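**Student:** Before I ask anything, here is the structure I am working with.
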Amino acid sequence: MNTSSRPRRKAGEREAHVAKILDRTMAKKDLYEVLGVSKTATAEELKKAYRKLAMQYHPDRNPDDDSAEQKFKEISEAYDILKDDQRRAAYDRMGHAAFEQGMGAHPGGGFGGGFQGGFQGNFSDIFEEMFGEFMNGGGQRGGSAAQRGADISYEVAVSLEEAFEGVETPIRVPTWQSCGTCGGAGAKKGSKPKVCETCGGIGRLRAQQGFFTMERTCHDCRGAGQVISDPCGDCGGQGRIRKEKTLEVNVPAGIEDGTRMRLGGEGEAGVRGGPPGDLYIFVSVKPHEFFQRDGANLYARVPASFTTLALGGKIEVPTIEGKRAEVSIPAGTQTGQQFRLKGKGMPVLRTPVRGDLYVEVMAETPVHLSKKQKELLEEFSHHDTEKNTPKAHKFFKKVKDLWED
């Protein structure tokens, strides 16, 4: 451009022009203050601040508030400058004067390229970032013929003995499996899926509405991006069929009730050749008629005769591995007393360690006594002293004192 043809201002006119520019720039707010950030703010901090303010002062949210619209213009123009490294550097050196006409003005005038450029260029990007994942069905842009199969769950119930030893158990899972006829493609043998003409293979359709870009799933291909004109007769174009699958599940020794096991790739087959999902096995351990479990330890209540507890002796108790263990009962053992059998509990999962078995003895009151047995017990009761049953005598003495008081 030939600047010699332009009329040159006199010295006094130039000073007045510069002063006028400085007056205007001084009246404008600091761009960092407009966004509420420091001058050292990172690009991510600028974006976060702008996104928050833009949503707050957007005209659609404040239809009757002119001040909100003005504020919205300010923050949009401020962000339009500061998000660009070169323009931000120019602003840091010269302030608003860097964008005035005649001093490096931005195309479109104003200090940020105008409201139209600032808002439509910035806010649509922010909106896309905020809502794009929702509009695109979980963040997947475009369509894909292949889709991952769903995960499925299955419950397996085992006995406590099976949980102790570990077991391989067969299960039959109803699921979707890849169609053997079309190989999972969905198209009849000898034909191929075609690119959807409506969406061009993207799987989604875009529509511009004012400042916003809206997306929706293509109604013709349903998001797949491809259309099967000649579908497979066995699967109807899905690429998979519903049938029962038999698997052998290895339940390890020491497994606990409620444990979840994952079998990768054993879930539902993917759509049109997509990868399969996973199978999650939830293991439940059935209650046992004799043992109660707490982690790796087992607990059992064992009845013992009155004479065994009084005189002492030995009792046999079952163990989880199907054997018997002998417990020595000292004389004078009280009902409810526990005896520990070390290493007779459950195995700790995937280790050689075993828990313990705790045996709680319970005195059994004799029933159906013969005449001779009654005579012996009566004889014993005549000789019963506080020394023989100290707890009973102490208890009834306290009760007697309480009544007398």
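**Student:** Which condition breaks for Thr308 when tested against (1) in contact with an Asp or Glu (Cβ under 7 Å, 6 or more places away or on another chain); (2) within 30 Å of Lys391 (Cα to Cα)?
**Tutor:** In the conditions (1) in contact with an Asp or Glu (Cβ under 7 Å, 6 or more places away or on another chain); (2) within 30 Å of Lys391 (Cα to Cα), Thr308 misses (1) alone.
**Student:** Take the residues of region 365-388 that are over 60 Å from the mean Cα position of the chain (by Cα) and open to solvent by less than 80 Å² (accessible area, probe 1.4 Å): which is farthest from Ser305 (Cα to Cα)?
**Tutor:** So the first thing to find is which residues in region 365-388 are over 60 Å from the mean Cα position of the chain (by Cα), and the list is 368-388.
Add one more test, that the residue is open to solvent by less than 80 Å² (accessible area, probe 1.4 Å), and what stays is 369-370, 377, 381, 384-385.
Values: Leu369: 13, Ser370: 16, Leu377: 14, Ser381: 18, Asp384: 19, Thr385: 21 Å.
For region 365-388, the residue satisfying everything is Thr385.
**Student:** Kindly indicate the residue of region 139-181 that is at pLDDT below 90 and among the basic types (Lys, Arg) and also surrounded by the most Cβ atoms within 10 Å (Cβ to Cβ) among those meeting that condition.
**Tutor:** Arg148
**Student:** Residues that are free of Cβ contacts under 8 Å to residues at least 12 places away in the same chain, under 30 Å from Thr259 (Cα atoms) and more than 44 Å from the chain's Cα centre (by Cα): does region 324-341 have at least one? Spell out how you get there, then give the answer.
**Tutor:** Start the filter on region 324-341 by keeping residues that are free of Cβ contacts under 8 Å to residues at least 12 places away in the same chain, which leaves 324.
Retained after the next criterion (residues that are under 30 Å from Thr259 (Cα atoms)): 324.
Adding the requirement that they be more than 44 Å from the chain's Cα centre (by Cα) leaves 324.
Within region 324-341 (the criterion being free of Cβ contacts under 8 Å to residues at least 12 places away in the same chain, under 30 Å from Thr259 (Cα atoms) and more than 44 Å from the chain's Cα centre (by Cα)), the answer is yes, since at least one residue qualifies.
**Student:** A follow-up question, please. Of all residues in region 345-360 being among the charged types (D, E, K, R) and open to solvent by 50 Å² or more (accessible area, probe 1.4 Å), which is farthest from the chain's Cα centre (by Cα)?
**Tutor:** Just the residues of region 345-360 that are among the charged types (D, E, K, R), to begin with: 350, 354, 356, 360.
Next, from what is left, pick out any that are open to solvent by 50 Å² or more (accessible area, probe 1.4 Å): 350, 354.
Working: Arg350: 26, Arg354: 33 Å.
In this case the residue turns out to be Arg354.
**Student:** Within region 291-309, track down each residue that is without any contact (Cβ under 8 Å) to a residue 40 or more places away in the chain and open to solvent by 50 Å² or more (accessible area, probe 1.4 Å). I'd like the intermediate steps shown before the answer.
**Tutor:** Initial filter on region 291-309 (without any contact (Cβ under 8 Å) to a residue 40 or more places away in the chain): 292, 294, 307-308.
Within region 291-309, Gln292, Asp294, Thr307 qualify.
**Student:** Across region 310-323, which residue is surrounded by the fewest Cβ atoms within 10 Å (Cβ to Cβ) among those that are touching a residue at least 24 places away in the same chain (Cβ under 8 Å) and within 29 Å of Leu369 (Cβ to Cβ)? Walk me through it before giving the result.
**Tutor:** First pass over region 310-323, keeping only residues touching a residue at least 24 places away in the same chain (Cβ under 8 Å): 315, 317-322.
Filter again for within 29 Å of Leu369 (Cβ to Cβ), leaving 315, 317-318.
Values: Ile315: 18, Val317: 17, Pro318: 14.
If we take residues in region 310-323 being touching a residue at least 24 places away in the same chain (Cβ under 8 Å) and within 29 Å of Leu369 (Cβ to Cβ), then Pro318 is surrounded by the fewest Cβ atoms within 10 Å (Cβ to Cβ).
**Student:** May I pose another question? Is it fair to say Thr333 is surrounded by 13 or more Cβ atoms within 10 Å (Cβ to Cβ), over 30 Å from Gly264 (Cα atoms) and hydroxyl-bearing (Ser, Thr, Tyr)?
**Tutor:** Numbers: surrounded by 13 or more Cβ atoms within 10 Å (Cβ to Cβ): yes; over 30 Å from Gly264 (Cα atoms): yes; hydroxyl-bearing (Ser, Thr, Tyr): yes.
It is true that Thr333 is surrounded by 13 or more Cβ atoms within 10 Å (Cβ to Cβ), over 30 Å from Gly264 (Cα atoms) and hydroxyl-bearing (Ser, Thr, Tyr).
**Student:** Let me ask you something else. Filter region 19-50 for residues that are modelled with pLDDT under 85 and either in contact with a Phe, Trp or Tyr (Cβ under 8 Å, 6 or more places away or on another chain) or surrounded by 15 or more Cβ atoms within 10 Å (Cβ to Cβ) (or both) and give the result.
**Tutor:** If the condition is that a residue be modelled with pLDDT under 85 and either in contact with a Phe, Trp or Tyr (Cβ under 8 Å, 6 or more places away or on another chain) or surrounded by 15 or more Cβ atoms within 10 Å (Cβ to Cβ) (or both), then Ile21, Thr25, Lys28 are the ones that fit.
The values are calculated or read from the model by the stated rules, or taken from the named source; none is laboratory data. None of these values were measured; they are calculated from a predicted model. Note that we place each Cβ from the backbone using ideal geometry, even for glycine, and neighbour counts take in every protein chain shown. Ligands, DNA and RNA are stripped out before the accessible areas are found, and what is left, the full protein with its side chains, is counted by its heavy atoms. Shrake-Rupley method; radii C 1.70, N 1.55, O 1.52, S 1.80 Å.
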